[in-house]
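To start, the structure itself, in structure tokens.
The values are calculated or read from the model by the stated rules, or taken from the named source; none is laboratory data. Being a predicted model, the structure only gives us computed values, none of them experimental. Note: ideal-geometry Cβ built from the backbone for every residue, glycine included; neighbour counts use all protein chains shown.
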């Protein structure tokens, strides 16, 4: 018991330092070997691993509380509903939303963006109007707007970036005009790691009466997010990039906007009354949540947010900044390696190319060393075109990664050089 108490006290979450060895023990998947080598998981921008607390929360739900929500008077349904709605409040606090009804549960950031494009966009974008995005967007924050523009006869405008992967703020501002009906911008680029100045981008748009959607899929695991301080009109993130389960996410929207928007889908739970002549829609947030929801996903996401709160985002941000600087220096020092995306404000993403090997070959050889990275266009093909490369190798970091793992990555990249010359 004394030893257990001492272990609990080893991590002071008010300090920037983390006891990473202790944190790693919370993630069972990390303790395995791949091709006979210890797993080095550096593909966190694609999806993060899950702590035991999340796994236990999901297992507990299916073991003891499995029932449909909002629809039953029996005990299991009431317990499931309480846990499901508690996750909504947890997400509200995580984003500092004003009310829990501003938290809409969706399948992920992609569905959240599509919901806004369908429900808000169709009512507010018409022929000749414009939507502004940036050159560093994920496909999920490009394609829905393209589809809307094609349907409405509107135009998609793209704010350019410089050679470091930073948004050109003056050119972004020049794109904003009376025809602009919406701005959609990523908080952090998944392919470059660039942290966009979203507060300033929102200010510039709001000065012209233009609402802004922020794609926070990459930001949620790495930054403190305050939607009220940002004054974001919409904000989306995915659970699986936040150490929670796949197939679940959150759309935040200002209440006034959400209340004025029509439902995205029709079905059960999004209604108050149905006749063959007329349907009366439910109140927020349920108006946008048709059908039986991903209950275990909500509970798992809530557990993931609670886990992050226990670690402390201040500590995570400080640790990951140090790890990113170390990884950048180690890789940049290897002959023939070029880092793509060198913004002054970056999160834990290091995308790179090698002069002697294709990115897919880099990933294949690293996999043989037990190192998991991502190779390809990262669902951001316009960025690859902007930098004149077909693809990159991308190492993306989380707070359970270590300098020793970065050393293993650098050693693996050197092995690639040995193979390809």
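Here are a few things to note about the model shown:
- Any chance residue 96 is surrounded by fewer than 15 Cβ atoms within 10 Å (Cβ to Cβ), within 17 Å of the chain's Cα centre (by Cα) and either more than 18 Å from residue 180 (Cα to Cα) or without any contact (Cβ under 8 Å) to a residue 40 or more places away in the chain (or both): yes
- Residue in region 161-183 that is within 25 Å of residue 96 (Cβ to Cβ), in contact (Cβ under 8 Å) with a residue 60 or more places away in the chain, under 12 Å from the mean Cα position of the chain (by Cα) and buried (at least 21 other Cβ atoms within 10 Å of the Cβ) present: no
- Flag if residue 13 is closer than 23 Å to residue 310 by Cα, surrounded by 13 or more Cβ atoms within 10 Å (Cβ to Cβ) and at pLDDT below 95: yes
- Members of region 309-334 that are in contact with a helix residue (DSSP H, G or I) (Cβ under 7 Å, 6 or more places away or on another chain) and not in a helix (DSSP H, G or I): 334
- Every listed requirement among (1) touching a helix residue (DSSP H, G or I) at 6+ places or on another chain (Cβ under 7 Å); (2) more than 26 Å from residue 223 (Cβ to Cβ) is met by residue 403 save one, (2).
- One residue stands out in region 241-259 among those that are surrounded by 24 or more Cβ atoms within 10 Å (Cβ to Cβ) and under 12 Å from the mean Cα position of the chain (by Cα): the one that is nearest to residue 119 (Cα to Cα), namely 251.
- Selection of strands (runs of 3 or more DSSP E) fully inside region 86-173 by the criterion of at least 3 residues being within 12 Å of residue 184 (Cβ to Cβ) and modelled with pLDDT of 95 or more returns 130-134, 155-159.
- Filter result (outside any loop (DSSP other than H, G, I, E, B) and in contact (Cβ under 8 Å) with a residue 40 or more places away in the chain) within region 69-85: 80, 83, 84
Every residue, every condition in (1) over 30 Å from residue 100 (Cα atoms); (2) out of contact with any strand residue (DSSP E or B) (no Cβ under 8 Å at 6 or more places or on another chain), yes or no:
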{"site": "278", "(1), (2)": "no, yes"}
{"site": "293", "(1), (2)": "no, no"}
{"site": "333", "(1), (2)": "yes, yes"}
{"site": "345", "(1), (2)": "yes, no"}
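- Residues being in a helix (DSSP H, G or I), more than 17 Å from residue 236 (Cβ to Cβ) and either in contact with a helix residue (DSSP H, G or I) (Cβ under 9 Å, 6 or more places away or on another chain) or modelled with pLDDT of 95 or more (or both) are entirely absent from region 33-49.
- When residue 264 is tested against (1) at pLDDT below 95; (2) crowded, with 20+ Cβ neighbours inside 10 Å; (3) not in a loop (DSSP other than H, G, I, E, B), exactly one condition is not met: (3).
Listed here are the residues, each with its yes/no results for (1) part of a strand (DSSP E or B); (2) modelled with pLDDT under 95; (3) within 12 Å of the chain's Cα centre (by Cα).
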site	(1), (2), (3)
219	no, no, yes
272	yes, yes, no
304	no, no, no
307	no, no, no
